[in-house]
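The values are calculated or read from the model by the stated rules, or taken from the named source; none is laboratory data. Nothing here was measured: the structure is a model prediction, and the numbers come from that model. Neighbour counts run over all protein chains shown; Cβ positions are idealised from the backbone, glycine included.
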Amino acid sequence: MQVWIDTDGGVDDALALACAYSTPGLTLAGISTVFGNVAPLKAARNVALIQSFYPEPHVDIYAGADAPLEGDWHHARAVHGEDGLGGAVAERIAGRYLPKPVGISPIKTAERIASFARENGAQGHLVCFGPVTNLARACAFDPGALQSLASITLMGGTMTIPPPRRGGFEFNFGSDMEAIRAVLEADLPLTVLPLDVCRKVVLRKARLARIARQCNTPLNHFMQRAHNHYMDAYKAREGIEGCYPHDALALAALLKPEIFKRDTCRIRLDESGEFSGLLKRDETGFVVHLVTDIDQRLALNWIEVCLLMSPVE
């Protein structure tokens, strides 16, 4: 399975990348970064950092869009930390060489994503963990190539407004509404995993600590360190002793479809202005495979298995 990942470099992105590297039969063809949790260059450094826990060869990293197609960028450093990984970066990179992105350009990154689609067609899969600006730009270059992919999985949007988020917005789609409009209109093979479904799965701090004790590897201790800030932010905001592993769930939606329920339906963005990123079913909307439910136990077990396979340096 050939997979391209587009990420905005936060804590849950790092967890998802670790799951990707631990999945037999998955070939990472490339990784691109987008503004979101942190800036794309910082996200690229975070991707290289996660790759450093795994044996070479490592995949190429492309730093892409640094701003939405329209409007301003709202970062998520309060949740993910100034470095995007809960303050854990400096300790890991001390004395280490991390490769720079092979491309530092929104245009070059979009072209490379389109090239991946042309080269792999029905054998290729794209998973987007952040705002979909890189995908929208790639569609502008070659919509037919993106349409030929086996699947494009998006973590973003929400069918309902979570009470703690009232007055705010769903981060991934809401960060670039023009981009998600373009993506929905492009007739792509989309699977959408919305925020409200992700919130059914809570990765507990105690479970992550147990995994680190059981599998005493540098990666797992790093994950525990990076998640401390992330989980503390969720405790302060929502009162939970853990976090929602959004991006790992998006990867699972591709790799472990049996643990999800989904519905092929038509959706649109709610344009009322009540909540940016709110989705609604609409018979005149765009066809997507909408994830509607998830088995929390099986999802968390899959994440745990992936972390238990982390390498010993």
Open item on the list: I'm checking my understanding of the structure. Among residues of the range 161-186 that are touching a helix residue (DSSP H, G or I) at 6+ places or on another chain (Cβ under 7 Å) and touching a residue at least 60 places away in the same chain (Cβ under 8 Å), which one is nearest to Phe275 (Cα to Cα)?
Closed with: Glu170
TODO: Residue by residue through the range 228-244, note down the ones that are of a type in the set (A, V, I, L, M, F, W, C), out of contact with any Cys (no Cβ under 6 Å at 6 or more places or on another chain) and in a helix (DSSP H, G or I).
DONE: Ala233, Ala236
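So in the range 151-183, with the set limited to residues that are among the β-branched types (Val, Ile, Thr) and in a helix (DSSP H, G or I), which one is farthest from His246 (Cα to Cα)?
Among residues in the range 151-183 that are among the β-branched types (Val, Ile, Thr) and in a helix (DSSP H, G or I), the one farthest from His246 (Cα to Cα) is Val183.
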TODO: Within the range 50-78, work out how many residues are among the hydrophobic types (A, V, I, L, M, F, W, C), surrounded by fewer than 22 Cβ atoms within 10 Å (Cβ to Cβ) and either modelled with pLDDT of 90 or more or closer than 11 Å to Gly9 by Cβ (or both).
DONE: 5
TODO: Using the structure shown, decide if Gly130 is crowded, with 24+ Cβ neighbours inside 10 Å, at pLDDT 95 or above, farther than 18 Å from Leu154 by Cα and not polar (S, T, N, Q).
DONE: no
Task: Residues within the range 230-277 that are touching a helix residue (DSSP H, G or I) at 6+ places or on another chain (Cβ under 6 Å), at pLDDT below 95 and among the hydroxyl-bearing types (Ser, Thr, Tyr), tallied - done: 1
Task: Odd one out for Met159, checked against (1) crowded, with 20+ Cβ neighbours inside 10 Å; (2) among the aliphatic types (A, V, I, L, M); (3) closer than 25 Å to Leu298 by Cα - done: (1)
- [ ] Might you check whether a residue that is under 21 Å from Met223 (Cα atoms) and among the small types (Gly, Ala, Ser) occurs anywhere in the range 96-115?
- [x] no
- [ ] Output the residues belonging to the range 269-292 that are within 15 Å of Thr160 (Cβ to Cβ) and touching a residue at least 12 places away in the same chain (Cβ under 8 Å).
- [x] Leu269, Glu274, Phe275, Ser276, Gly277, Leu278, Leu279, Lys280, Arg281, Leu290, Val291, Thr292
Task: One residue from Ile113, Ile107 being surrounded by fewer than 17 Cβ atoms within 10 Å (Cβ to Cβ) and either in contact with a Lys or Arg (Cβ under 6 Å, 6 or more places away or on another chain) or not in a loop (DSSP other than H, G, I, E, B) (or both) - done: Ile107
TODO: Hey, can you tell me all the residues within the range 145-172 that are within 18 Å of the chain's Cα centre (by Cα), of a type in the set (Gly, Ala, Ser) and within 25 Å of Glu238 (Cβ to Cβ)?
DONE: Gly156, Gly157
Open item on the list: Tell me whether the range 40-54 contains one or more residues that are hydroxyl-bearing (Ser, Thr, Tyr) and within 23 Å of Ala114 (Cα to Cα).
Closed with: no
- [ ] Check every one of the strands (runs of 3 or more DSSP E) wholly within the range 1-101 and list those with 2 or more residues that are over 22 Å from Ser175 (Cα atoms) and within 15 Å of the chain's Cα centre (by Cα).
- [x] 27-33
TODO: Among the residues of the range 184-206, count how many are surrounded by 15 or more Cβ atoms within 10 Å (Cβ to Cβ) and either of a type in the set (D, E, K, R) or part of a helix (DSSP H, G or I) (or both).
DONE: 7
Task: Filter result (over 19 Å from Met155 (Cα atoms) and either touching a helix residue (DSSP H, G or I) at 6+ places or on another chain (Cβ under 8 Å) or among the aromatic types (Phe, Trp, Tyr) (or both)) within the range 27-45 - done: Ala29, Arg45
- [ ] Could you tell me whether Arg96 is within 27 Å of Phe275 (Cα to Cα), surrounded by fewer than 21 Cβ atoms within 10 Å (Cβ to Cβ) and among the basic types (Lys, Arg)?
- [x] no
TODO: Could you list, in sequence order, all residues of the range 245-284 that are part of a strand (DSSP E or B) and not charged (D, E, K, R)?
DONE: Phe260, Thr264, Cys265, Ile267, Leu269, Ser276, Leu278, Leu279
